[in-house]
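First the structure, in the form of structure tokens, and then the observations on it.
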Amino acid sequence: MARDWVKGERGRYLSPIRVYLLASALYFVVGGDPFLSALVQSDLVELVPDSSVVGLSAEGVRSALQRQTMGWISLLRFLTLIPIGFLLAGLAPGSGPRLAPALVLTMHMYTVSFLLMVVLSLAYSLVGFEPTTTTPETFGLAHFGFERCLVGAWLIFGIRVLWRRRWLLAVSGGVVVAVVDLLLLFVAFGLGVGAMGSWLDPTLGPLEPQGARPGI
């Protein structure tokens, strides 16, 4: 009887890696973080002006470069799982393993963050709002502030309930981890855009269609 119950529980259990991959796939389908996408688009307007594109659609070129840049940012974002996992390991209970549960909790935190961004993206689409290059900084603060508050609250709840830590440690640790995670996201964004800027070497000259020859 006990075995059947355990098997039933295992049948309903989803591994954190699988949930993380499903959430990240959904995140990419809707286009990722709408505000970060708008910032990348704004930077690409400066990196790839209309005058630098010959015989091509400047908007199409920037759209392709935007997808590539967001892909790099997403990869760097995934790598931030490691430092956040080590940071959470310092808050884990002293008895038993610490790093493995911390990495699992980190994956769940990123899953929550991805799903929140999916909801926000769909909400923006429903109301007909699209963050553009003219988006004020106050919107960015509200956008990330709302997301960070929800992620931080979930993280505090996880540290308190799952790990049974004291409220003071759960609140302080949850706030610190949420802030550090946001800073790492901005670092990933800066590195991704910087890598694209380095790849688009201005000394290469105007972008031309394949097969074009100078003087033809």
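The values are calculated or read from the model by the stated rules, or taken from the named source; none is laboratory data. Please read these numbers as outputs of a predicted model, since none were measured by experiment. Cβ sites come from the backbone with ideal geometry, for glycine too, and all protein chains shown count toward neighbours.
Quick look at the numbers
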| item | result |
| --- | --- |
| Residue list for the stretch 131-162, filter: at pLDDT 85 or above and out of contact with any helix residue (DSSP H, G or I) (no Cβ under 9 Å at 6 or more places or on another chain) | G145 |
| Within the stretch 182-214, tally of residues that are modelled with pLDDT under 50 and exposed (fewer than 10 other Cβ atoms within 10 Å of the Cβ) | 7 |
| Tabulated pairs, the stretch 158-170, first loosely packed, with under 15 Cβ neighbours inside 10 Å, second at pLDDT 90 or above, C-beta under 7 angstrom, 6+ apart or interchain | W167/R160; L169/L91 |
| Single unsatisfied condition, A123 versus (1) among the small types (G, A, S); (2) surrounded by 13 or more Cβ atoms within 10 Å (Cβ to Cβ); (3) out of contact with any Leu (no Cβ under 9 Å at 6 or more places or on another chain) | (2) |
| Residue match in the stretch 35-57 (condition: among the aromatic types (F, W, Y), over 19 Å from I17 (Cβ atoms) and assigned to a helix (DSSP H, G or I)) | yes |
| Residue check, G60 among the small types (G, A, S) and within 26 Å of I156 (Cβ to Cβ) | no |
| Conditions (1) surrounded by 12 or more Cβ atoms within 10 Å (Cβ to Cβ); (2) modelled with pLDDT under 90; (3) not hydrophobic (A, V, I, L, M, F, W, C): number failed by G128 | (1) |
| Where a residue in the stretch 15-39 is of a type in the set (D, E) and its partner, wherever it lies, is in a helix (DSSP H, G or I), with Cβ under 6 Å and at least six apart | D33/M117 |
| Residues satisfying the stated conditions in the stretch 79-98, i.e. surrounded by fewer than 13 Cβ atoms within 10 Å (Cβ to Cβ) and part of a helix (DSSP H, G or I) | L79, I82 |
| Residue list for the stretch 80-118, filter: in contact (Cβ under 8 Å) with a residue 40 or more places away in the chain, of a type outside the set (G, A, S) and over 16 Å from Y27 (Cβ atoms) | P83, I84, L87, L88, L91, P93, P101, V104, L105 |
| Selected residue (criterion: modelled with the lowest pLDDT) from residues of the stretch 27-71 that are within 12 Å of the chain's Cα centre (by Cα) and surrounded by fewer than 19 Cβ atoms within 10 Å (Cβ to Cβ) | G31 |
